Amino acid sequence: MAETLKLTADTENIGNRIDKFVSENAEGITRSAVQGLLEKGMILVNGGTVSKNYKLKKGDVIDIEIPEPEPMDAVAENIPLDIVYEDSDLLVVNKPKGMVVHPAHGNYTGTLVNALLHHCGDSLSGINGVIRPGIVHRIDKNTSGLLIVAKNDASHLFLAEQIKEHSFTREYEAVATGYFKETEGTVDAPIGRHKTDRKKMCVTTENSRNAVTHYSVIKQYGGYAHVRLKLETGRTHQIRVHLSYIGHSVLGDDVYGKSYKGIDGQCLHARKIGFIHPTTREYMEFESELPDYFVSVLNKLEKM
């Protein structure tokens with residue numbers, strides 16, 4: 001089924017072209033794609049069709065019909081993988097910062113899935129389709145660290161159920177901005193898609209899902225802190241949204257905070273992962289060392 005999306009033009013949007021506005025506020029749709037949807041009558045303003053150069057008025061209601069993406073096959077690529085553990089059911093991979101997990105608009109090659117297809121061949125679960133084979137959960141492009149990959153559907157379902165039941169261990173470390181008055185705590189705040197910026201998530205009670213993050217401060221450096229975070233749920237951008245919500249955005253996160261000179265992307269690392277093995281039923285836990293970029297930031301903070 002095609003996805004539908006509704007946007008409303010606020011005062012700040014008055015005079016903006018419709019194609020520019022929609023491309024900036026609807027995730028994954030380029031301006032040229034928006035123009036194509038306008039020509040097909042799949043974008044309506046106040047119930048009627050408009051041209052691509054229509055300029056918004058306050059209160060305009062934009063209804064967007066987003067068609068199903070065309071099928072696309074991910075191709076195998078010989079990309080080195082940092083494999084922490086592997087058996088016939090699964091593997092645990094230490095993803096580098098900057099690598100996208102699976103192919104999507106703008107990132108069709110060079111992803112973790114492309115590398116997995118070369119390493120595993122046909123031995124990946126097919127539950128998430130040809131674009132995300134084996135992918136049980138994801139981490140952001142600019143987040144480094146551990147994630148688990150399922151090699152068969154039975155393992156995928158067993159692992160996904162643990163995530164659903166919150167028995168799947170996922171611990172992160174981050175450098176956050178600001179001084180923490182409380183050195184440990186819990187952020188229990190629902191997360192949903194941002195009303196006007198569809199590329200962002202936010203804390204909201206509208207069309208949201210519950211989200212819980214536990215945090216503890218490892219060390220403070222004046223206006224910054226090295227923080228450990230444990231996910232109880234796994235919503236999109238959860239840690240980044242929750243830390244920003246309590247006034248401590250992740251260092252270098254230019255979406256929910258701001259960019260910093262010398263830091264390329266957010267300083268966030270998936271440090272530990274733990275789960276019950278789908279075949280042996282034994283609990284397994286893995287931990288990765290902090291990557292060089294993270295250690296470098298900590299060293300700079302030590303010298304401040």
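Report the extension gain between Tyr85 and Thr4 in nm, rounded to one decimal, defined as 0.36 nm multiplied by the number of residues separating them, less their alpha carbon distance. Can you show the working numbers first?
Numbers: separation 81, 0.36 × 81 = 29.16 nm, distance 4.09 nm.
Value of the extension gain: 25.1 nm.
Taking 0.36 nm per residue of separation and subtracting the current Cα-Cα distance, fully stretching the chain between Asp197 and Thr236 would add 12.6 nm.
Distance cut-off 18 Å, Cα to Cα: go down the list Lys230/Lys303; Lys95/Lys272; Lys219/Lys303; Lys20/Lys55 and report the pairs above it. Pairs exceeding the cut-off: Lys230/Lys303. Across all directions, the average projected area of the convex hull around the alpha carbons of the stretch 1-65 is 3.9 nm².
The aspartates and glutamates within cross-link reach of Lys164, meaning a Cα-to-Cα straight distance under 15 Å and a gap of 8 or more places when in the same chain, are Glu232.
With +1 assigned to the C-beta of every Lys and Arg and -1 to the C-beta of every Asp and Glu, and no other charges, what is the dipole magnitude of the chain about the Cα centre in debye, to the nearest 20?
1160 debye
Sorting 244-254, 6-16 by their mean Cβ neighbour count within 10 Å, with the most densely packed peptide first, gives 244-254, 6-16.
Candidate cross-link partners of Lys6 among the aspartates and glutamates, defined by an alpha-carbon separation under 15 Å and a same-chain spacing of 8 or more, comprise Asp19, Glu24, Glu27, Asp60, Asp63, Glu65, Asp197, Glu206. Per-residue accessible area (protein heavy atoms, 1.4 Å probe) orders Ile64, Ile218 as Ile218, Ile64, starting from the largest. Each of Lys303 and Lys258 was given a label point 7 Å from its Cα along the Cα-to-Cβ line. The distance between the two points is 2.4 nm.
Accessible area per residue for the stretch 188-230 is 53 Å², calculated with a 1.4 Å probe on protein heavy atoms, without ligands, DNA or RNA. Ranking Lys258, Lys141 by solvent-accessible area of protein heavy atoms (1.4 Å probe, all protein chains present), from largest to smallest, gives Lys258, Lys141. Placing dummy labels 7 Å off each Cα toward the beta-carbon, the span from Thr169 to Lys55 is 6.0 nm. Once the cut-off is 23 Å, how many percent of the Cα-Cα pairs in the chain end up in the long-distance tail? Roughly 62 percent, rounded to a whole number.
What percentage of the solvent-accessible surface of the chain, computed with a 1.4 Å probe over protein heavy atoms, is contributed by carbon and sulfur atoms? With neighbouring chains kept in place, the figure for the chain is 47 percent.
Where does the chain land at 222 nm, in deg cm²/dmol rounded to the nearest 500, when only DSSP H runs of n ≥ 4 count, each adding -39500 (n - 2.57), divided by all residues?
Computed ellipticity for the chain at 222 nm equals -5500 deg cm²/dmol.
Counting heavy atoms of the protein chains alone, Met201 has an accessible area of about 20 Å² for a 1.4 Å probe.
The values are calculated or read from the model by the stated rules, or taken from the named source; none is laboratory data. Since the structure is predicted, the reported quantities are computational estimates derived from the model, not experimental observations. Positions of Cβ are generated from backbone atoms using ideal geometry, with glycine treated the same way; all protein chains shown enter the neighbour counts. Side chains included, ligands, DNA and RNA excluded: accessible areas come from the protein's heavy atoms. Shrake-Rupley method; radii C 1.70, N 1.55, O 1.52, S 1.80 Å.
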